[in-house]
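S.K.: Dropping a structure here in structure tokens format, bear with me for questions.
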Amino acid sequence: MFRRLLTALGLAAFVGMSALGASAQGYGPHYGPPPARYERHGPPPGSGYVWVGGYNRWNGHSYVWVGGGYQRPPRYGYVWHPGYYSNRGGVYIYVSGRWGPP
């Protein structure tokens, strides 16, 4: 039983690393994402929360929408810098959003 679990975990790690290697070699979408969706959201759940909008994520076959949500900045005064897609040699690469100074 334990040996099967280790084999399954090893196979999953290999497949995951293969996928990372493929994206690093430039196997990504050759067309940009669709326009961002408008997300209606209510008031923040508490003081200090900031709305972080969703984005289109490439799943290896197509873009899928990942909805946004409220988050608290990790430090006082930090703002959210949204992620974006960068066209690098005809391949679109997602640059993740991050918290940072204004």
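The values are calculated or read from the model by the stated rules, or taken from the named source; none is laboratory data. Worth saying up front: this structure is predicted, and the values here are computed from it rather than measured. When we count neighbours, we look across all protein chains shown, and the Cβ atoms used for this are built from the backbone with ideal geometry, even at glycine.
S.K.: Kindly list the number of the only condition in (1) in a strand (DSSP E or B); (2) modelled with pLDDT under 95 that fails for Val64.
M.R.: Going through the list (1) in a strand (DSSP E or B); (2) modelled with pLDDT under 95, Val64 breaks only (2).
S.K.: Assess whether Tyr78 counts as being over 16 Å from the mean Cα position of the chain (by Cα) and either modelled with pLDDT of 95 or more or of a type in the set (Asp, Glu) (or both). Don't jump to the end; show me each part of the working.
M.R.: Working: over 16 Å from the mean Cα position of the chain (by Cα): yes; either modelled with pLDDT of 95 or more or of a type in the set (Asp, Glu) (or both): yes.
Against the criterion (over 16 Å from the mean Cα position of the chain (by Cα) and either modelled with pLDDT of 95 or more or of a type in the set (Asp, Glu) (or both)), Tyr78 qualifies.
S.K.: Give the residue that is nearest to Gly100 (Cα to Cα), with candidates limited to residues of the range 28-53 that are in contact (Cβ under 8 Å) with a residue 12 or more places away in the chain and hydroxyl-bearing (Ser, Thr, Tyr).
M.R.: Per the criteria, the residue is Tyr49.
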